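Engineer: Once you've had a glance at the structure underneath, I'll fire off some questions.
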Amino acid sequence: MSLRVLKSARRSACRYCCSWRCCWQSHRAGRVPPSSRTAIRSNWRASPYHLDGINAPERDQACLDEHGGLWACGAEARDRLTEYIGTRAVRCEDQGADRSYRQRRIGICSVEGETISINRWLVQEGMALNFDPYARGRFQLDQDDARQNRRGLWRGCFVAPWDLRYWRKGTAPLLGSCPDAAIARKALFPDHAEMPPGCSIKGHIAVRARVTGYPGIYHLEGCRSYRTVQKVNRWFCSEEDARAAGFRKAFTCPR
């Protein structure tokens with residue numbers, strides 16, 4: 001197990017890359033690439049870290065706020081993490097390779113000057129969930145406190161990120177304080193999702209994809225099918241994000 005200290009950056013930013021929240025350290029001012037899992041990346045080495053034991057909302061995930069209105073909770077989680085890190089340096093304790101994404105590592109990461117990890121901070125703020133079995137209950141008390149005090153996602157109604165990824169519209173537990181279940185499920189699993197800025201890859205839940213083990217199909221702007229896909233369930237910021245969510249590329253796309 002090694003402790004990797006990243007180079008201090010004059011400007012740093014957070015990025016969401018797939019399922020577990022990640023952040024990337026960058027020297028470019030204001031660079032906030034969109035996506036979903038949490039990872040830290042050094043400037044001289046492409047070695048992003050996934051935050052160990054937590055799961056935060058997908059970049060395009062919508063929740064319901066305390067008044068029952070739609071709320072771009074995935075985008076807000078990214079922005080909150082970006083603001084929290086600011087210009088400070090980040091370091092990660094290496095926990096080994098990510099079994100699902102071998103090019104990345106699992107890490108427990110912290111921000112310069114803070115006594116708790118980014119992993120725990122996100123759960124305490126209600127912007128991520130304890131993710132068992134990987135967490136082994138480490139963040140459960142933090143999650144319970146966030147829920148009881150209605151912080152972050154817990155102020156309204158939402159579904160766990162893993163249920164959105166697998167599109168469990170009919171069976172996903174509704175978390176937080178939810179209105180009528182049927183209305184909530186329709187809003188949280190939209191048939192026509194709104195595109196987040198900079199995330200133009202269309203994701204479509206398709207039965208034909210599930211037959212071969214995929215929850216859906218993604219379509220790039222260069223694909224012949226892009227304009228004809230009207231029912232967009234998910235939006236992705238990169239092909240990496242789409243593949244990490246389990247989607248396959250449309251056969252109409254250039255190879």
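Engineer: In terms of Cα to Cα distance under 14 Å, which aspartates and glutamates are near enough to Lys249, apart from those fewer than 8 places away along the same chain?
Structural biologist: Leaving aside aspartates and glutamates fewer than 8 places away in the same chain, those within reach of Lys249 are Glu221, Glu239, Glu240, Asp241.
Engineer: While we're looking at this one, here's another question. Under a plain spin-label model, where a point goes 7 Å from the Cα along Cα-to-Cβ, how far apart in nm are Arg248 and His67?
Structural biologist: Those two pseudo-labels are separated by 4.4 nm.
Engineer: Something else: Can you tell me the length gained on complete extension of the stretch Val211 to Ile116, counting 0.36 nm per residue apart and subtracting the Cα distance?
Structural biologist: Taking Val211 through Ile116 to full extension adds about 29.8 nm, to one decimal.
Engineer: To continue, here is another question. Give the ranking of His50, His67, His192, His204 by solvent-accessible surface, highest area first, calculated with a 1.4 Å probe.
Structural biologist: The residues order as His67, His192, His204, His50, largest area first.
Engineer: Follow-up question, since we're still on this one. Among rounded, prolate and oblate, which fits the stretch 69-183 when a ≥ b ≥ c are the square roots of the eigenvalues of its C-alpha gyration tensor, a/c under 1.5 means rounded, and a/b larger than b/c means prolate?
Structural biologist: It comes out prolate by the Cα gyration axes.
The values are calculated or read from the model by the stated rules, or taken from the named source; none is laboratory data. For clarity, every value in this text was computed on a predicted model and none was experimentally measured. Cβ sites come from the backbone with ideal geometry, for glycine too, and all protein chains shown count toward neighbours. All accessible areas refer to the heavy atoms of the entire protein, side chains included, with ligands and DNA or RNA removed. Shrake-Rupley method; radii C 1.70, N 1.55, O 1.52, S 1.80 Å.
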